[in-house]
């Protein structure tokens, strides 16, 4: 197994943690990779730092230009890559040394798998470390996909030919949720897998793109409404306006907290999603029930509506949190 991996690292004013991120890639046990670092118009010392590493490791390819944003940068990296596989990396995260070795082993032995992620360890200043265990198998992951993002974006390795052969790219219409949208497109053409091991330390920052975007409610709502429609189209389900609104509310704890949800409407919506999935055999039914139940349970915890406990979704929610 000695296929070339193209590692894509977009950088924008990332000097604070950039050395840790770069060194975690250069120290991989699997060594046959090109490391494409794109300086996306940084105004700090990021470029100087990148150039220093290039001087000591010729696997690094530096692209530096004016700011184009994350989505354009990712697509540019894929277009310029020469590898069989694309590995994502972010400027403030840390890949464990065996990440590529573990991922390429899975990809080489399972040609139907087109995206391979992993569990992650969330860390940061003033927070307790937390391991996030993403679903492992294809249909479990796709159950997750119907309701939320199913991979840790900087943890994934993907097959380049899937992008080229199917004309699938990161989409500018889904800014700040481009990864979630990408999974809805890739789900149509291949299988997903998450290695049940922590292979990435994911740094939690209040200034991250996702957390900043979450504060812009109207913009976030429009993007997510479109994504939910894309996701549920995978089971040939067309949402009505009321269901689009429900999907957006239950997608985040803070929105559930400030919105009173009609349980009958939520139950009917969940029932229809379950039935559509049953007819299409897209996602794992038990995992989907747990995902829906988890949202139902969270609504109960935040609003203490006793009627919630008489639904099967409440009990599937309980199952979803049992260790």
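Condition first: closer than 26 Å to residue 33 by Cα and outside the structural domain of residue 283 (by TED's automatic domain parsing). Can you find one or more residues in segment 137-149 that meet it?
So the first thing to find is which residues in segment 137-149 are closer than 26 Å to residue 33 by Cα, and the list is none.
For segment 137-149, residues closer than 26 Å to residue 33 by Cα and outside the structural domain of residue 283 (by TED's automatic domain parsing): absent.
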Please enumerate the residues belonging to segment 104-159 that are out of contact with any strand residue (DSSP E or B) (no Cβ under 8 Å at 6 or more places or on another chain), crowded, with 16+ Cβ neighbours inside 10 Å and under 19 Å from residue 90 (Cα atoms).
149
Of all residues in segment 273-299, which are more than 23 Å from the chain's Cα centre (by Cα) and buried (at least 20 other Cβ atoms within 10 Å of the Cβ)?
297, 299
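The values are calculated or read from the model by the stated rules, or taken from the named source; none is laboratory data. What you see is a predicted model; the values in this text were computed from it and never measured. Neighbour counts run over all protein chains shown; Cβ positions are idealised from the backbone, glycine included.
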